[in-house]
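The values are calculated or read from the model by the stated rules, or taken from the named source; none is laboratory data. Since the model is a prediction, treat every value here as computed from it, not as a measurement. Please note: Cβ atoms are built from the backbone with ideal geometry, for glycine as well, and neighbour counts cover all protein chains shown. Side chains included, ligands, DNA and RNA excluded: accessible areas come from the protein's heavy atoms. Shrake-Rupley method; radii C 1.70, N 1.55, O 1.52, S 1.80 Å.
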Amino acid sequence: MILSCVIGTVFRNFAIISGDTRLSKDVGETVSDTYSKVFKVNQNVLVGFAGSGNTVDILNKNGIFDKDDCPSAEDYLEFLWFLLGNRVVNEPNHCNILVLGKSKLNNGFGGNFHMSDDNVQNQLHLTDHSNVWAPILTPPNIDYEYYQDILISKVQFVIAEQINSPVFSRGMAIKKIKEIHRGIILEISKKDKSVNCNIEQYVLKW
């Protein structure tokens, strides 16, 4: 079972995650058009998944997406990293995981790691942000670099626009970035049948 499109943005005092809701078989057949792949874990953490839907099923059944006791996005990413890396959940095949939210120092934090049966060395990206970070996870047949460049360019423009205004409006920045996420997912849904136009979005503010 395959999940395919997730977009995130994290800045110093907010985080946004967006994803479509299609679950597909490896051969392309649609299994569900109401399958969540992005979650608000608590008031500090957002998480999204692309790749194996089996991982999401197992984690969801075990309450991993409802962790009120996780104080930061860093703690949650470390928790998932060890849980999946140690095969506590034995379904890591080609699972790409994005964690966003508030850091231990109350800044924006983002982390992304890729679990693959083909590569025992899990790929890990960690960053503690004072500047904006806007990652995207796309289907294999979509030009990832093209959409990553578009996303970064548009999000950075919104942030710069607000920074240069007399008063920084976090609410306006969030509204515009949510629209950017939505627009990119809708465009990808027209090119790849593993993505639909039902979009879930979650926001954290601190």
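Might you let me know whether region 25-35 holds any residue that is open to solvent by 30 Å² or more (accessible area, probe 1.4 Å) and farther than 25 Å from Ile142 by Cβ?
No - not one qualifying residue is present in region 25-35.
How about region 71-90: which of its residues are at pLDDT below 90 and either surrounded by 19 or more Cβ atoms within 10 Å (Cβ to Cβ) or aliphatic (A, V, I, L, M) (or both)?
Those that are at pLDDT below 90 and either surrounded by 19 or more Cβ atoms within 10 Å (Cβ to Cβ) or aliphatic (A, V, I, L, M) (or both): Leu80, Leu83, Leu84, Val88, Val89.
Tell me, please, whether a residue that is exposed (fewer than 14 other Cβ atoms within 10 Å of the Cβ), modelled with pLDDT under 95 and under 18 Å from Ile97 (Cβ atoms) can be found in region 159-177.
No: zero hits.
Kindly indicate the residue of region 133-145 that is part of a loop (DSSP other than H, G, I, E, B), over 15 Å from His114 (Cβ atoms) and open to solvent by 30 Å² or more (accessible area, probe 1.4 Å) and also modelled with the lowest pLDDT among those meeting that condition.
Top of the filtered list is Asn141.
Restricting to region 178-206, name every residue that is open to solvent by 60 Å² or more (accessible area, probe 1.4 Å) and in a helix (DSSP H, G or I).
Residues satisfying the conditions are Lys178, Glu179, Arg182, Glu187.
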